[in-house]
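What follows is a single structure, written as structure tokens, with notes after it.
Every number here is computed from the coordinates shown, using simple stated rules; none is lab data. Keep in mind that what you see is a predicted model, and the values were worked out from it rather than measured. With ideal geometry, Cβ positions are generated from the backbone for all residues, glycine too; neighbour counts draw on all protein chains shown.
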Amino acid sequence: MYAARSTLNQVRILHAVFLLTQFLLVFVLWLEHSPERSLAREILVAFAVVSASNVLILGGIRSRHLTAALDILRNTPDDAAALGRWRMANIFGFTFAESVSLFGVALKFLGAKWNVAGLFFAAGILLLLLWTPRLDLPAQPE
């Protein structure tokens, strides 16, 4: 049980760091003051399509690994391989959510307005909040 709790705490710390980086990215862009200009609709659509497909495809991979790991962990909470797979699936999710925000960074550097780039940041933060690490463990004996 100790290994499962330790892994859960490690992944929660990573999750908090990924959430913090979302706000740090926005802060850096705010300090940078890149000039805004109108971007071609094709560029915006391309970024949106790549971002959405990234979340759908890679989110499916995350879900598959997470489900498989949780099935094993329900019976044997300290299974090292399953804990590793659970940790990996969560980190996949965090990086996919971060990649959506990085598309917002790229758009902002290209000159997109905040209301456009902000949608990518909002989506990245929302995904991180939706993919908060959860691991149902039995209560510790006292």
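Observations, loosely collected:
- Per-residue [θ]222 nm for the chain (sum of -39500 (n - 2.57) over DSSP H runs n ≥ 4, rounded to 500): -29000 deg cm²/dmol
- Put simply, the chain fits an ellipsoid with semi-axes of 36, 16, 9 Å; these come from the alpha carbon gyration tensor as the roots of five times its eigenvalues, largest first.
- Convex hull of Cα atoms in the range 47-88, direction-averaged projection (nm²): 2.8 nm²
- Dipole moment magnitude, nearest 20 debye, the range 40-142 about Cα centre, only Lys, Arg, Asp, Glu C-beta charged: 420 debye
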